[in-house]
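To start, the structure itself, in structure tokens.
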Amino acid sequence: MKRVLRGFAFALAVLLIVMGVNAWRVAVPVVAVAPFRPALDTAAMSRRLAAALAIPTLSATPEAPSLERFFELHALLRAQFPRVHGALEREVVANASLLYRWKGRGDCPGVLLAAHQDVVPVEPGTEASWTHPPFAGVVAEGAVWGRGALDDKASLLAILEAVEHLLAQDVRPECDVWLAFGHDEEVSGLEGAVAMAALLRRRGVVLDYVLDEGGAITLGAIPGTTTPLATIGVAEKGYVSLRLVARDAGGHSSMPPRRTAIGRLARAVALLEEHRPSADFSPVQRELLRRIAPHVEPLQRVVLSNLWLTAPLVERLLTAQPASDATLRTTTAPTLFHAGIKDNVLAQRAEAVVNFRVRVGDRIDGVLAHVRETIDDDGIAIEVLDGFRSEPSAVSAWEDPAFARIEAALRSVSPEPELVVAPYVTSGGTDARHYAALTPRLYRFLPVLMTPELLASFHGNNERIPLAEYERMVRFYLRLLQPATASPAQRQS
Ligand SMILES: [Zn+2]
């Protein structure tokens, strides 16, 4: 008995040592870069952004198809950025999207910076709760206010500021720089970005990488610390909605059958909520946790560095919150439920719509199979809802020169010394995926520190960008577009 206990104690000690070694052996490379803080005319920059925010470029819809506001924005940009419009080739694609080409000196794969001109509407009745009106273009309290300030006109204007600035210094890029500003990102990008990507493809354009909106910098995302975390999207989840329909002969409610159309459908929806697609760590997630590990408390560090053993525990912790749960699995969200016409009439038809955000690694076909198997009821018709759907994207590499370049540019313009940079999967869709045929390297990132208040203003009230963050953005694009004159970033352990 004593020997067994001794053996057990020995095994436990070895295990603890292995886990400890794992925890402290994980050296996450840090890119050492020289700070890059060129002086900027922030007052003029913020006025230009504010003027662009004052034009309500709501995504066109069948009910409101006018593109007038976009043409207004085009004219404004032309006036605001004369050098860009003098030196770059510019074409209007799909009626209102803008594609610019800044010709490089060499014949090498270019870079494409994407942003979108369109904005989401302001919910009726909420305008009064904005500190400054959403479409007034106000610079106040150290920020530029208005719908689109974060999503995504700041990025669009900051890219143009950077190019204008470099043109003033007679800089010419080594390889082509493409600027692609879609006009329907908020309603899928199926016109603008898709048309621009197709155009480039027809012309045989090859890209080094694409950078679009997506991740950002957040505080407090790493448990127990305030270490800032910059997440760069290397993939995006898929999207599909399924319609479930149960039919019944109907009739008088005084003589109901044992199972009505409503009961049958309710059961199906409940089953889908109970039996969700399984959760799992993707390679992207493992890398994110690996990069976070050195910055958390010692015990958490041991846990995060030994996922081979602790994955079930970490998974349990992550699935406790909807936001982190959604990063682990294909999500199931019943969003519509319709049936019945009167309290004493049996419904002849009950219909529900369930929206799924498809995890990278799953497929829409797999979701359909899962739904059929889970419901297991021939009395319910299942069909893919017309309209928008997309498979999960491919995963772009993070051990990659393009990723390293984005990371180095970010570090050089960021005041946070402890900044952790990691790949992640964006849960919402972006225009980036439409460029997949032109390069396997699609990255999604806005160099902005998103406080909880700013995050809430995304598609919400009081959308704004602090001036310091806008400066960071412009410097970031400047650094990214500058020809590689400085010594390349050095990787250190
Ligand atoms: Zn956006």
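Quick note: the coordinates plus some simple rules give every number you see, no bench work behind them. Nothing here was measured: the structure is a model prediction, and the numbers come from that model. Cβ coordinates were reconstructed from backbone atoms using ideal geometry, including for glycine residues, and neighbour counts include every protein chain displayed.
Descriptive notes on the structure:
- Charge tally for LEU179 (other residues, Cβ to Cβ under 14 Å; Lys, Arg +1; Asp, Glu -1): -3.
- Gyration tensor verdict on the stretch 234-276 (Cα atoms; rounded if a/c is under 1.5, prolate if a/b is larger than b/c, oblate otherwise): prolate
- Each semi-axis of the equivalent ellipsoid for the stretch 185-279 is √(5λ) with λ an eigenvalue of the Cα gyration tensor; in descending order they amount to 46, 26, 11 Å.
- Within the stretch 350-493: Cβ-based charge dipole about Cα centre, in debye rounded to nearest 20 (Lys, Arg +1; Asp, Glu -1): 980
- Lys, Arg +1 and Asp, Glu -1 on Cβ, resulting dipole of the chain about Cα centre, debye, nearest 20: 1480
- Other residues lying with their Cβ under 12 Å from the Cβ of ALA87 contribute a combined charge of +2, Lys and Arg counting +1, Asp and Glu -1.
- Here the spin labels are modelled as points 7 Å beyond Cα on the Cα-Cβ line, and at VAL345 and GLU418 they lie 6.4 nm apart.
- Of the residues ARG258, ARG172, ARG6, the one with the fewest other Cβ atoms within 10 Å heads the list, and the complete ranking is ARG258, ARG6, ARG172.
- Theoretical gain in end-to-end length, ASP107 to GLN321 [0.36 nm per residue, Cα-Cα removed]: 72.2 nm
- Global geometry of the chain, whether rounded, prolate or oblate, following the gyration tensor of its Cα atoms and the 1.5 cut on a/c: oblate
- Ellipticity at 222 nm from helices only: DSSP H runs of n ≥ 4 in the chain, each -39500 (n - 2.57), divided by the residue count, give -11000 deg cm²/dmol.
- Our estimate of slack between ALA64 and ARG243, defined as 0.36 nm per intervening residue step minus the Cα-Cα distance, is 61.8 nm.
- Counted over the chain, the DSSP beta bridges are approximately 65% antiparallel.
- Ranked by how many other Cβ atoms sit within 10 Å of their own Cβ, fewest first, the residues HIS459, HIS434 fall in the order HIS459, HIS434.
- Cα centroid of the stretch 370-403 to Cα centroid of the stretch 28-93, whole Å: 34
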